[in-house]
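To start, the structure itself, in structure tokens.
The values are calculated or read from the model by the stated rules, or taken from the named source; none is laboratory data. From a predicted model like this one, the values you see are computed outputs, not experimental measurements. Ideal geometry is used to build each Cβ from the backbone, glycine not excepted, and the neighbour counts take in all protein chains shown. In case anyone asks, the SASA skips ligands and DNA or RNA and just uses the protein heavy atoms, side chains included. Shrake-Rupley method; radii C 1.70, N 1.55, O 1.52, S 1.80 Å.
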Amino acid sequence: VGIFGTIDQFDRPDSPTSLGDFAPGRPWTPDAGTWGIDAGEAYLSEGSEFRNHAVVGLGQGDGGAQVRLDTVVNGAGLVFRYVGPYNYWAVVAVPDVATWNVIKVVDGDQEVVGNTGQSPTADGTTVGVRLRGDTIDVIVNGRIRKTVVDDFQVDAGKVGITTRGPDSGTARFDDFVAGLPGGVPLTGGGAGNGGNGAGGSSTTTAAP
């Protein structure tokens, strides 16, 4: 299964305090924690008390997002249908048991709604989501591993990267992709429309 769209390869100068722009006119928003770039990878440079997020907007609820975790740590992964630090969905790594948990946070209360079963969690694993109405497909290394049907925040269009826990600063993220239904890249600047790919080509696929 492929996730197509605009890609950010984070191939910008190192910065411990900024991820820069995902696309022209569409900066990354570090909604919790301080995020930066190190050697072409995104990372958490200073954590908050709870879960840390950096997000960009799709402009609508349907679409897709994916990221490759060059360094996988417990609690690192992808956040989506994000409204704020107390209301969002996420898919996060649990490498000790070789799976990814799907979590839903409602008014600060976290629920693990399922997991991907035995799945790759080694460094370099790609995790993604495909969002269609109330249906969420969770994709690991190009294969659908879990489908969740739930209309919580079905119209929320923010997606991004997330991490939590004592090893949060060790996680490394690269090749973040966000796209509209059908793999349409985000085009045109501004908060509602997105932009062309920053630091890379405009399309990519979910699996190597």
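Quick notes
- With only Cα atoms counted, region 1-118 has Rg and Dmax values of 14.3, 40 Å.
- Long-range amide H partners of TRP35 with built H, under 5 Å: SER45
- Phi angles across region 112-120 convert, under the Karplus curve 6.51 cos²θ - 1.76 cosθ + 1.60 with θ = phi - 60°, into 3J(HN,Hα) values of 8, 8, x, 8, 8, x, 5, 9, x Hz, Gly and Pro given as x.
- Charge sum, other residues only, whose C-beta stays under 9 Å from ASP21's C-beta, Lys/Arg counted +1 and Asp/Glu -1: +1
- Assigned charges on the beta-carbon of Lys, Arg, Asp, Glu; the chain dipole about Cα centre (debye): 460 debye
- Per residue solvent-accessible surface (Å²) - the chain, probe of 1.4 Å: 40 Å²
- Accessible area per residue was computed with a 1.4 Å probe on protein heavy atoms; ASP11 scores about 90 Å².
- For LEU58, the residues whose amide H sits under 5 Å from its own are LYS158, VAL159, ignoring neighbours fewer than 5 places away on the same chain, with H placed 1.01 Å from N.
- In the chain, excluding the sites themselves, the longest stretch lacking any of the chymotrypsin sites (Phe, Trp or Tyr not before Pro) that are in a DSSP loop with at most 14 other Cβ atoms within 10 Å is 87-208.
- Protein accessible area in the chain, 1.4 Å probe - carbon and sulfur %: 47 percent
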